[in-house]
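A short reminder: the numbers here are calculations on the coordinates, not readings from a lab. Every value quoted in this text rests on a predicted model; they were computed, and no experiment measured them.
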Amino acid sequence: MRENVVGYEPLSSIAVGRESEEMCLLARLFNGFSNSTRLSILLLLVQRGEMKVGELVEELEAPQPRVSDHLRCLSGCGYVQVRREGRNAYYSVSDERILTILGLGEELLRDNRECLEACDTIKKDF
C-alpha cells in the first residue's frame, strides 16, 4: 500500500467536482461495475470467453430480460462487444483493460474485505 499519495496524480487531467463533466463520466464508468449482475456477466465472460445470452441466463439463474438489459448497458458503455452469427448473439469482453480493472478490484477486495463488510455508507447505496 502506498504510504504517501501526495504527488501521485493518476487522474490529473480530470477536473474535480460534482458538476465536472469528466468526473461525472468517470463516475459512470465505475457505475458500470457497481451492479452485481453486470459484474457477474463480466466475470463470466472473462473466465469462460464468448457466451450467448442463454448461457449467461442459465449460469446466473436470472430472467432473460434482466440479463439482456444488463448486456445492452455493458455493450452501450463499451465493456462488452457482440458478434452475431445467424440468430445467435455472442458476447465477449471488449477491452483488455476491463481485466485489469477486475483484477485490481479482486486485489482491493482481498486486502480490504473487513472494511468493506463494515462500511455502512456503501451498504445504504445498494
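When only C-alpha pairs under 8 Å and at least 6 residues apart count, what is the relative contact order of the chain, in percent?
18 percent
Under the rule of at least 5 residues apart or a separate chain, name every residue whose amide H is placed under 5 Å from the amide H of Ala89.
Under 5 Å from the amide H of Ala89: Val53.
Ratio of the stretch 9-113's C-alpha Rg to 2.2 N^0.38 Å, to two decimals?
Normalised Rg, Cα atoms only: 1.19.
How large is ³J(HN,Hα) for each residue in the stretch 45-54, as worked out from phi by the Karplus curve 6.51 cos²θ - 1.76 cosθ + 1.60 (θ = phi - 60°), to whole Hz, x for Gly and Pro?
My calculation for the stretch 45-54 gives 5, 5, 6, 10, x, 4, 9, 8, 4, x Hz in order.
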